1. What length, rounded to one decimal in nm, is gained on full extension from residue 153 through to residue 35, with 0.36 nm per residue of separation minus their alpha-carbon distance?
2. Measuring from label point to label point, each 7 Å out along Cα→Cβ, what is the residue 59 to residue 234 span in nm?
3. Using the alpha-carbon atoms, what tilt in degrees (0 to 90, nearest 10) does helix 55-68 show relative to the longest principal axis of the chain?
4. Working only with C-alpha atoms, what are the Rg and Dmax values of segment 1-140, expressed in angstrom?
5. Measure off 7 Å from each Cα along the Cα-to-Cβ vector at residue 44 and residue 11, then give the distance between these two points in nanometres to one decimal.
6. Which order do 40, 219, 241 fall in if you start with the one that has the fewest other Cβ atoms within 10 Å?
7. For Kirkwood radius over Cα pairs in Å, several values are listed as (i) 18.1; (ii) 20.0; (iii) 17.5; flag the one computed from this structure.
8. Between residue 137 and residue 82, what length comes free when the chain is fully extended (0.36 nm per residue of separation minus the Cα-Cα distance, one decimal in nm)?
């Protein structure tokens, strides 16, 4: 076994443990023992990081994960509506293991697009955008609501969020994007679409090519009238849910 092959083998075995940890959040050790046909003590040692599974056992854990894991259910389980048409996504964005698995799935879909920059808006889009940029080996760039000291030139885009009615502006250092870049726009949630349209406009002002847009959650479909999807741009969404007050 070459050094490179050995490194890939170790990486895969570590990943199988991470997937087991995700399953553990929704299953007891007793349930996992029945599912995997492994003793609870062995599963506990894997989850606690005391030992790595063998290559063959890691392959078996991958197969079990593929059978049990539903990314839509996992995302839905981690968001909570408050009864006033808003919801808390703290648990979702704070689950670094889930964000990593989600980023791997997204990167596989966009791997052939030769993406050089991942663009998001501060702040909630940053966790998933960071993971995706890492997987794609692309640079992460963040449009912020304030001008940064030390940056002389910006690309800026103003918009009015429907929930506030207050004019807001996103700023991106002008040097962050060029006409040579291939961009993936990423955000955690899209609802009205104003923020995401601002990101599209910023990328287009730079001359960069937008090759993809990704959202974890889409609420309703009103945003489809707001955001202008560029030609030949792939749009990926994990979970689409209706507006909380929409009639069934």
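1. Working: separation 118, 0.36 × 118 = 42.48 nm, distance 5.70 nm.
Between residue 153 and residue 35, full extension yields an extra 36.8 nm.
2. Reported label-point gap for residue 59 and residue 234 is 2.8 nm.
3. 60 degrees
4. 17.1, 58
5. With each label placed 7 Å out from Cα toward Cβ, I get 3.3 nm.
6. Values: 40 12, 219 21, 241 17.
The most exposed by this proxy come first: 40, 241, 219.
7. Given (i) 18.1; (ii) 20.0; (iii) 17.5, the calculated one carries the label (ii).
8. On the way: separation 55, 0.36 × 55 = 19.80 nm, distance 3.71 nm.
Answer, rounded to one decimal: 16.1 nm.
Computed from the coordinates by the stated procedures, all read-outs in this text should not be read as laboratory data. Since the model is a prediction, treat every value here as computed from it, not as a measurement. Cβ coordinates were reconstructed from backbone atoms using ideal geometry, including for glycine residues, and neighbour counts include every protein chain displayed.
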